[in-house]
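Student: Dumping the structure here so I can ask a few things about it.
The values are calculated or read from the model by the stated rules, or taken from the named source; none is laboratory data. This structure is a prediction, so every number in the text was calculated from the model and none was measured. Every residue, glycine as well, gets a Cβ built from its backbone with ideal geometry; the counts of neighbours run over all protein chains shown.
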């Protein structure tokens, strides 16, 4: 029995078992036969939920439909289509990537799953070790601009919150994909709502996925080989709803990645190899005791095994294991003075490492936000997070936002906030043949000012903003500009001022132009001014995107045939040439079946990422999926 047959049998078995349970009777829409949840609001930009009529921050939401219609096979590929988000892929299709926002570094972006921080004390290179498949994700919220006021360290220039799905109707989906470079992927996902009694409901999700590929570079050239990968992901979650006053969310997720790290950290060693294993578990209780209380406990574990020369592991290798445990509590109080969210978090970071040694530190934070509406169409919000780190003492991140609903279609906003970031253990203590430690690195800080607005009328939705970030003690790896073989060392740069602007335009045209369902265009521009010793060469900070543009076209050609195009344009500060990319997807879906063909980098544009590391060229893939629950319904 081959792997595909096993998945099909397993999917049918799961659906048969789930079908024996009574389905959710309450919250059922008799017209659609779909089980619905209370309407959710986006809260990544604030700890206080509101109606969103006069937004005060730049928040981009990638919805479930956007994910399904894109050619993306990983979270980082989804994010590549959001202007202002810089995705530097060390490996394709979810192997490893660094994410930064508005000209920051990968250490300055906070990644969260359902509001739980994915901070890795070893290095931000592991922040995107996301133990979820795309089928597990409901939406992705991208907060542009500082988020330390809400979430503390690492939300220096922005935050990305991945919201997991809650299956409100039975689903058992099997998917298979094959493509160039020996790529194949098989996955099974699904879930079903279960009614325990008249007031108690259990929603759930589960998925398993394996993805493999040979090297996407020529094996005849050592520098271009060694990009093979093998990824396993197993994820599951459940939500217990008891009446209107209690819910309990549980999840346990795991991913195992083995991949050739061709030149990831130094082109002089092109046969690097790495294995990572990540476990993430969380338990969240929402209780209404007159006031809403949210309590979250979480555990994240990351194992990292790194070999500098794959053919000779004994030459140089590292083992790292990081564990982070955290607990957070929050409540929101309503009064005649407005809404106030208060809470606290405690987290402990533990690291065992053959290079960084065994280390431990803890952090305790208290946070508060207050929202008032002095007049009906004006919203003010002020808040701060005070963090005590066992290594660095106290850090404070205050901020304030304002939103004004000028007319039914137009709203204006402004914000000012301070952000900070604590150095990772790698920045402080890592030593190898190309890097040396610096225990004297200090936390970096910045003040950011932003003005913007949003206009919505009919099929048109436009967001625009301008911002200015003034940062001090920025952390970057530097070496002498005259020594191309010297060792990199993390240091605090003196200061930097970054001015920028971005705009997002969305047209929902399915009624006005039948063939074109949606058009989305976005553009981000930054103009940084660094005060850096001219005798130093920068590894990350000075290699930002000055121009970044994205265009998304969603077409419906004939009935159930859809066609999606993704265009991206990028130009970096120190680049002498532009980079343009085109991705395309053609698909058909109906009756529980789906087939599709897709291509990334359709025009085979030549481009490189870190230190001249070549990116994949054109990559063709085909696949299909079956939703057993829909067929058998």
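Student: Which numbered condition trips up residue 449, out of (1) over 18 Å from residue 109 (Cα atoms); (2) surrounded by fewer than 17 Cβ atoms within 10 Å (Cβ to Cβ)?
Tutor: The failed condition is (1).
Student: With the structure loaded, tell me whether residue 381 is under 24 Å from the mean Cα position of the chain (by Cα), part of a strand (DSSP E or B) and at negative phi or whether it fails that test.
Tutor: So residue 381 does not fit the description; no.
Student: One residue is enough: does the range 385-393 have a residue meeting the conditions touching a strand residue (DSSP E or B) at 6+ places or on another chain (Cβ under 8 Å) and outside any strand (DSSP E or B)?
Tutor: Among the residues of the range 385-393, at least one is touching a strand residue (DSSP E or B) at 6+ places or on another chain (Cβ under 8 Å) and outside any strand (DSSP E or B), which makes the answer yes.
Student: Could you list, in sequence order, all residues of the range 427-447 that are farther than 12 Å from residue 488 by Cα, in contact (Cβ under 8 Å) with a residue 12 or more places away in the chain and either assigned to a loop (DSSP other than H, G, I, E, B) or in contact with a helix residue (DSSP H, G or I) (Cβ under 6 Å, 6 or more places away or on another chain) (or both)?
Tutor: Listed by number, the residues that qualify are 441, 442, 443.
Table: residues versus (1) more than 30 Å from residue 149 (Cβ to Cβ); (2) modelled with pLDDT of 95 or more.
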residue	(1), (2)
239	no, no
282	no, yes
285	no, yes
306	yes, no
309	yes, no
316	yes, no
324	no, yes
342	no, yes
346	no, yes
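Student: Answer yes or no as to whether residue 413 is farther than 26 Å from residue 304 by Cα, touching a strand residue (DSSP E or B) at 6+ places or on another chain (Cβ under 7 Å) and surrounded by 20 or more Cβ atoms within 10 Å (Cβ to Cβ).
Tutor: Yes.
Student: Additional query: Taking the range 539-560 only, how many residues are touching a strand residue (DSSP E or B) at 6+ places or on another chain (Cβ under 6 Å), within 28 Å of residue 172 (Cα to Cα) and in a strand (DSSP E or B)?
Tutor: 4
Student: While we're here: When you look at residue 579, is it touching a strand residue (DSSP E or B) at 6+ places or on another chain (Cβ under 7 Å), modelled with pLDDT under 90, buried (at least 16 other Cβ atoms within 10 Å of the Cβ) and within 21 Å of residue 521 (Cβ to Cβ), yes or no?
Tutor: Yes, satisfied.
Student: Yes or no: residue 124 touching a helix residue (DSSP H, G or I) at 6+ places or on another chain (Cβ under 6 Å) and crowded, with 20+ Cβ neighbours inside 10 Å?
Tutor: yes
Student: Any chance you could count how many residues in the range 451-474 are within 23 Å of residue 103 (Cα to Cα), touching a residue at least 40 places away in the same chain (Cβ under 8 Å) and either in contact with a helix residue (DSSP H, G or I) (Cβ under 7 Å, 6 or more places away or on another chain) or assigned to a strand (DSSP E or B) (or both)?
Tutor: Qualifying residue count, the range 451-474: 9.
Student: Exactly one of (1) buried (at least 20 other Cβ atoms within 10 Å of the Cβ); (2) at pLDDT below 95 is unmet by residue 437. Its number?
Tutor: Result: residue 437 passes all but (1).
Student: For residue 624, indicate whether it is farther than 20 Å from residue 569 by Cα, in contact with a helix residue (DSSP H, G or I) (Cβ under 6 Å, 6 or more places away or on another chain), surrounded by fewer than 19 Cβ atoms within 10 Å (Cβ to Cβ) and modelled with pLDDT of 85 or more.
Tutor: Considered against the rule, which asks whether it is farther than 20 Å from residue 569 by Cα, in contact with a helix residue (DSSP H, G or I) (Cβ under 6 Å, 6 or more places away or on another chain), surrounded by fewer than 19 Cβ atoms within 10 Å (Cβ to Cβ) and modelled with pLDDT of 85 or more, residue 624 comes out as no.
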